[in-house]
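For reference, the structure discussed in these notes is given below.
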Amino acid sequence: MELLSQMWSLLGLLTILQNILPSQLLALLHSTWQSLQDSLTPYSYFDVPEFLGSSAVEPNDLYRHVYLYLHQSLLSSAAASSSPPRLTLSLPRGSLAAPSLSLSPNHSLEDCFAGQRLLWTHHADTLQDSLEERRSFSLRLPKRASASLLSPYLAHLAEAADHLERSSRPRRLFTNSPRGGAPSWSSVPFRHPATFATLALEPALKESLLADLDAFAAGREFYFRTGRAWKRGYLLHGPPGSGKSSLIAAMANHLRYDVYDLELTRVANNSDLRSLLIQTNNRSVIVIEDIDCSLDLTGDRRGTAMSAAARTRTVRRRRQPPLSNEGTDSDDNDVGGSRGNDGRVTLSGLLNFIDGLWSCCGEERVIVFTTNYVEAFDPALLRPGRMDVHVNLGACGVHAMRELVERYVGVRDHEMLGVAESCIRVGADMTPAEMTEVLLRHREEPEEAVRSLVAELSARVAGGEGSGGEEESGAWSWEESPEKAGGKRRRAGWEKKVRFLRRLRSLTKSDSESRGV
């Protein structure tokens, strides 16, 4: 009892001193006591405040990294341990996600790195005469290893936090506002279900695309070392229904990027185009669909459809001074002139958008153009550095056809699928959209679905609809021009069609006999 009374007396004395002594002296005593503790303890301590400076305005990125690392990497395993720390469960209003775990204030969590045990403590202190909280984390390291352990551990923490942020953050689908106001973006949640697992692509094309996307996402050091802007351009071309939009969604889902759907008809001029580019986030896919239909982007080049000789004559006319100002409008033939450019988006403005100085205002961006007619493009848009990868999406190949049949009607092996393969090899063209529509109409009757698909393919062969080649769709084209790819498709002999029709007749006959017809 005497010891207890002495303790109460000491606490009372400390309380009185705290009210009497100046705050500066109390802070000095507190720091002296902490320094004495630090000199005697075998650990080093590092504080990570939520905000930088005393004004608490600028966020501390390292605090965000620690928060993500602890609350999504360590806490899931700590909650399942035999002696978990005290955790806080939270669920925002209207959220469809599972409740999130967080470390409760003034509690600690252990981590292990390079054979050393580390301790994180979450602090939350309420400011005097205020309801505001100051939050921070403190890291405890063994003092003998702190110098060699701190830098690699923080690098490991930042890398893990970056991966967790990319995989867990909600993604958005943006579109630009109509003309008339300041250029801006509006957005909705991006929840497109397409993935590379659901796309009916030829295996070689799918593997090449995935490898290229992964190399791009992991290429920070490479792009910085080579002095290139961290961006990648993809040109997706093919007939309507060939899966261009689905491929874009699968790319965004694979990379976990936001999607910016840029509608060029809503952009007033080049200045607004640059303003929209500046407002895009890093780690995003910027899409211009059906670019050949969006705007006449060859007007300032004067002659995408003209021959080289015609272009030369046009330039020579420009160099000759007009005889008089009457009846001559030299600005109409101005290849690079600025007249009228303030009221529209020009080809040069678009080129600066994707490959000029303004394209460096951000990093880790994928730029995707789609078109049904690649021949209409100005060659300046197609060169490497602007559109680095050309992907030709056309009719379904053999593998894509079998994958769609299995996914939509659950049929993997069927005698008529061989007939369908023969149809495709001799030139029957059906895009994925056309093929899935046939399968959807009979999705409750797999047998009828397969027969309807074979009948449609056979009709296209008999009617001469098809490319007549053996090359399958989805040709991966790094250097080969679309014209060369189209020429290969047209090289097919009639003897292949004759052999196919004979095989089709024999299979149909045997099928009729097996049914007793």
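What follows draws every value from the coordinates through simple rules; no lab data is involved. Because the structure is predicted, anything quoted here is derived from the model rather than measured. Neighbour counts run over all protein chains shown; Cβ positions are idealised from the backbone, glycine included.
Points worth noting:
- For the stretch 333-446: rounded, prolate or oblate by the Cα gyration tensor [a/c cutoff 1.5]: prolate
- The stretch 401-453 and the stretch 137-164 have their alpha-carbon centroids 55 Å apart.
- In this simple spin-label approximation, residue 143 and residue 412 carry label points 7 Å from Cα along the Cα→Cβ vector, and these lie 6.5 nm apart.
- Spacing of the modelled spin labels on residue 447 and residue 104, each 7 Å from Cα toward Cβ, amounts to 6.5 nm.
- Gain upon complete extension [residue 256, residue 45; 0.36 nm per residue less C-alpha separation]: 72.4 nm
- Sorted peptide list for 276-286, 58-68, criterion being average Cβ within 10 angstrom, highest first: 276-286, 58-68
- Additional length obtainable on full extension of the chain from residue 172 to residue 361, 0.36 nm per residue less Cα span: 66.0 nm
- Take each peptide in 400-406, 45-51, count the other Cβ atoms within 10 Å of every residue, and average; sorted highest first, the result is 400-406, 45-51.
- Segment residue 86-residue 151, extension gain: residue separation times 0.36 nm, minus the distance between their alpha carbons: 20.5 nm
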